[in-house]
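I am attaching a structure below and will ask some questions about it afterwards.
The values are calculated or read from the model by the stated rules, or taken from the named source; none is laboratory data. In this text the structure is predicted, and so the values were computed from the model without any measurement. Glycine also receives a Cβ, built like all others from the backbone with ideal geometry; neighbour counts cover every protein chain displayed.
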Amino acid sequence: MLSYFVVAIGGALGSVGRFWLSGAIAQKFGETFPAGTLFVNISGSLIIGFFAALTGPDGRIWSSPSFRQFFMIGVLGGYTTFSSFSLQTLALARDGKWLFAALNAIGSFVLWARRLSRDVTQSTLAFFEYGSST
């Protein structure tokens, strides 16, 4: 039961962080293109990749399972928002802004995949580097 509470608190914090940051970016750059959502999703993917690699079973930093749940599932799950991404992309397409819809969809996927592949590569290299020194 404690795990649900921990994830819920983390999710609330992540959601508020996403709401604030994506709103601040939208105010600065406008809402024609959902730059705030794109930034939040990419930065969240970056953070979760590094955190997972660093605190995994063979990672360099020890973390309790409860803290990993709080941070990765709760905070970062609430912070990243592919549901908002989907809704905004659909709205752009519905409004006839096909180029922006395509840029948002392709940009989100390409940047996410690139970030993920880099994190997996770094995690693998760190694993073999760590494993070879023992």
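Just give me the residues in the range 58-67 being out of contact with any Leu (no Cβ under 9 Å at 6 or more places or on another chain) and at pLDDT 80 or above, in sequence order. Step through it out loud before you land on a result.
Pass one, the range 58-67, residues out of contact with any Leu (no Cβ under 9 Å at 6 or more places or on another chain): 58-59, 62, 64-65, 67.
Answer for the range 58-67, where residues must be out of contact with any Leu (no Cβ under 9 Å at 6 or more places or on another chain) and at pLDDT 80 or above: W62, S64, P65, F67.
Return yes or no: is G17 in contact (Cβ under 8 Å) with a residue 24 or more places away in the chain and touching a helix residue (DSSP H, G or I) at 6+ places or on another chain (Cβ under 7 Å)? Step through it out loud before you land on a result.
Details: in contact (Cβ under 8 Å) with a residue 24 or more places away in the chain: yes; touching a helix residue (DSSP H, G or I) at 6+ places or on another chain (Cβ under 7 Å): yes.
For G17, the condition - in contact (Cβ under 8 Å) with a residue 24 or more places away in the chain and touching a helix residue (DSSP H, G or I) at 6+ places or on another chain (Cβ under 7 Å) - is met.
In this structure, is L90 in a helix (DSSP H, G or I), at pLDDT 70 or above and surrounded by 11 or more Cβ atoms within 10 Å (Cβ to Cβ)?
Numbers: in a helix (DSSP H, G or I): yes; at pLDDT 70 or above: yes; surrounded by 11 or more Cβ atoms within 10 Å (Cβ to Cβ): yes.
Yes; evaluated as a whole, the condition is true for this residue.
Give the range 68-83 a look and list any residue that's under 9 Å from N41 (Cα atoms) and either in contact with a Phe, Trp or Tyr (Cβ under 7 Å, 6 or more places away or on another chain) or modelled with pLDDT of 90 or more (or both), or say none. Working first, answer last.
Restricting attention to the range 68-83, the residues satisfying the condition of being under 9 Å from N41 (Cα atoms) are 79-82.
Once the filter is applied, which keeps residues that are under 9 Å from N41 (Cα atoms) and either in contact with a Phe, Trp or Tyr (Cβ under 7 Å, 6 or more places away or on another chain) or modelled with pLDDT of 90 or more (or both), the range 68-83 yields only Y79.
Here is a check on your reading of the model: is D58 of a type in the set (D, E) and in contact (Cβ under 8 Å) with a residue 24 or more places away in the chain? Talk me through it step by step, then tell me what you get.
Working: of a type in the set (D, E): yes; in contact (Cβ under 8 Å) with a residue 24 or more places away in the chain: yes.
Answer is yes for this residue.
Also: Can you name the condition, by its number, that R60 falls short on among (1) of a type in the set (D, E, K, R); (2) farther than 22 Å from A101 by Cβ; (3) in contact with a Ser or Thr (Cβ under 9 Å, 6 or more places away or on another chain)?
Only one criterion in (1) of a type in the set (D, E, K, R); (2) farther than 22 Å from A101 by Cβ; (3) in contact with a Ser or Thr (Cβ under 9 Å, 6 or more places away or on another chain) is unmet by R60, namely (3).
Considering only the range 46-100, state which residues are of a type in the set (S, T, Y) and within 15 Å of S22 (Cβ to Cβ).
Looking only at the range 46-100, we keep the residues that are of a type in the set (S, T, Y), and these are 55, 63-64, 66, 79-81, 83-84, 86, 89.
Scanning the range 46-100 gives Y79, T80, T81, S83, S84, S86, T89.
Let me ask something additional. Quick one: in the range 1-42, which of the residues that are surrounded by 16 or more Cβ atoms within 10 Å (Cβ to Cβ) and farther than 14 Å from Y79 by Cβ is modelled with the highest pLDDT?
Selected residue: V6.
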